[in-house]
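K.L.:
Please see the structure below; I have some questions.
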Amino acid sequence: MEVIAVSQLKEAGYEYYHFKDKIDYPGIDDDLAALQHAFDNLPADEYAPHLNRYRRYGRALVMPGTHEVTWLPETWVDGHAYYEYFQGSFNPEYVGEYRRFPALWQCSMENRLLREMIRQDFRETFWTREDALMPFHAGVHFVKLKVENPGDVAVSSPNTLHQDGEPFTFAHLIRRNNISGGLNAISVPRHRGKMPADIPQDDIKQSFYLDKPLESYSVYDPLVTHYVGDVEKGETDGPGERSAILIDYQPTVIADPDQIRSTRGNTDFMIYV
Ligand SMILES: [Fe+2]
């Protein structure tokens, strides 16, 4: 697959597109169905159960040059696999906190479509030479907003125009069914923390709904803010759902020795890995 020299992502800081326009192969629909099945089995987000949000998470490394994808080991607690998660100070609802999410299923991690997403999305990212000396970290979120009863509202986090803190985030719709809402909007950094309706409409670069499976968007975080609107149940009987895979990328760099907790000499709290 050919990589275009100057992409919309690099020029405008975001792109709204259909993943199949970039990657298509025999069997892609079967792989999509397998991922949709995994979304049928997402546990409630224990950090926000009242928000009708369900999720799993995985962390992978992507090698520069070869784009080889390797999943990091999970953390096991009481027989359940988790990946730990740290987002620094960028999510105002979870400042500086570690969170722990149930791990993706092994079969999802081996799913060709998911691996193609991680590789293809990574190919569209761009970095300084210094940041590209080490493998890159890909955080892979399976997130489902599900609304069962009329009047229920499912909310993304955070539910304003925001930046994620990771340099790049890609979102791929897996399924949208019997919901209203879920508006996506892209704006400029100075509107961080605001609602799209409260800013000059000329400052909204684009707004759209992800409707068909594999409709996608990407953001280069420093240049834009992004927003996902609340989701409510649609007109049809039965639950409504908006399921998406979010993939973020950041460099792994050699840390300043003063910043490394493992050099502080307190061996009681250190483990073999
Ligand atoms: Fe976000």
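K.L.:
In the set LEU42, LEU51, which member is more than 15 Å from GLN120 (Cβ to Cβ), modelled with pLDDT under 95, of a type in the set (A, V, I, L, M) and out of contact with any helix residue (DSSP H, G or I) (no Cβ under 9 Å at 6 or more places or on another chain)?
P.N.:
Exactly one residue qualifies, and that residue is LEU51.
K.L.:
Next question. I'm checking my understanding of the structure. Among residues of segment 176-204 that are in contact with a Gly (Cβ under 8 Å, 6 or more places away or on another chain) and part of a loop (DSSP other than H, G, I, E, B), which one is modelled with the highest pLDDT?
P.N.:
That would be ASN178.
K.L.:
Suppose we keep only residues that are among the charged types (D, E, K, R) and within 16 Å of the ligand (Cβ to nearest atom) within segment 204-246. Which one would you say is nearest to PRO43 (Cα to Cα)?
P.N.:
ARG242
K.L.:
Of everything in segment 251-267, what is among the β-branched types (Val, Ile, Thr) and in contact with a strand residue (DSSP E or B) (Cβ under 9 Å, 6 or more places away or on another chain)? Give them in sequence order.
P.N.:
THR252
K.L.:
Of these, LEU145, LEU173, LEU133, which one is within 16 Å of the ligand (Cβ to nearest atom), among the hydrophobic types (A, V, I, L, M, F, W, C) and modelled with pLDDT under 95?
P.N.:
Testing whether each residue is within 16 Å of the ligand (Cβ to nearest atom), among the hydrophobic types (A, V, I, L, M, F, W, C) and modelled with pLDDT under 95 leaves just LEU145.
K.L.:
Mind telling me which of the residues PRO251, PRO200 ends up being under 25 Å from the mean Cα position of the chain (by Cα), more than 16 Å from the ligand (Cβ to nearest atom) and over 30 Å from HIS37 (Cβ atoms)?
P.N.:
PRO251
K.L.:
Mind checking whether some residue in segment 234-249 is at pLDDT 95 or above and either in a loop (DSSP other than H, G, I, E, B) or in contact with a Pro (Cβ under 7 Å, 6 or more places away or on another chain) (or both)?
P.N.:
yes
K.L.:
Any residue in segment 225-254 that is within 23 Å of LYS194 (Cβ to Cβ) and basic (Lys, Arg) sitting within a Cβ distance under 6 Å of a residue that is more than 14 Å from the ligand (Cβ to nearest atom) and not in a loop (DSSP other than H, G, I, E, B)? List the pairs, counting only those 6 or more apart or interchain.
P.N.:
Between residues of segment 225-254 that are within 23 Å of LYS194 (Cβ to Cβ) and basic (Lys, Arg) and residues that are more than 14 Å from the ligand (Cβ to nearest atom) and not in a loop (DSSP other than H, G, I, E, B), the close pairs are ARG242/ARG176; ARG242/ILE179; ARG242/VAL231.
K.L.:
Residues in segment 155-176: is at least one farther than 18 Å from ALA12 by Cβ and free of Cβ contacts under 8 Å to residues at least 12 places away in the same chain?
P.N.:
No: zero hits.
K.L.:
Find the strands (runs of 3 or more DSSP E) located wholly in segment 1-79 whose residues include 3 or more that are farther than 25 Å from PRO102 by Cα, and list them.
P.N.:
Fully inside segment 1-79 and qualifying: 14-18.
K.L.:
Does ILE204 meet the test of being without any contact (Cβ under 8 Å) to a residue 60 or more places away in the chain, surrounded by fewer than 16 Cβ atoms within 10 Å (Cβ to Cβ) and among the aliphatic types (A, V, I, L, M)?
P.N.:
So ILE204 does not fit the description; no.
K.L.:
Please go through segment 148-164 and pick out each residue that is in a strand (DSSP E or B) and within 13 Å of the ligand (Cβ to nearest atom).
P.N.:
HIS162
K.L.:
Determine, yes or no, whether PRO167 is away from the ligand (no atom under 15 Å from the Cβ) and surrounded by fewer than 21 Cβ atoms within 10 Å (Cβ to Cβ).
P.N.:
No.
The values are calculated or read from the model by the stated rules, or taken from the named source; none is laboratory data. Note that the coordinates shown come from a computational prediction; the quantities given were computed from them, not determined experimentally. Cβ coordinates were reconstructed from backbone atoms using ideal geometry, including for glycine residues, and neighbour counts include every protein chain displayed.
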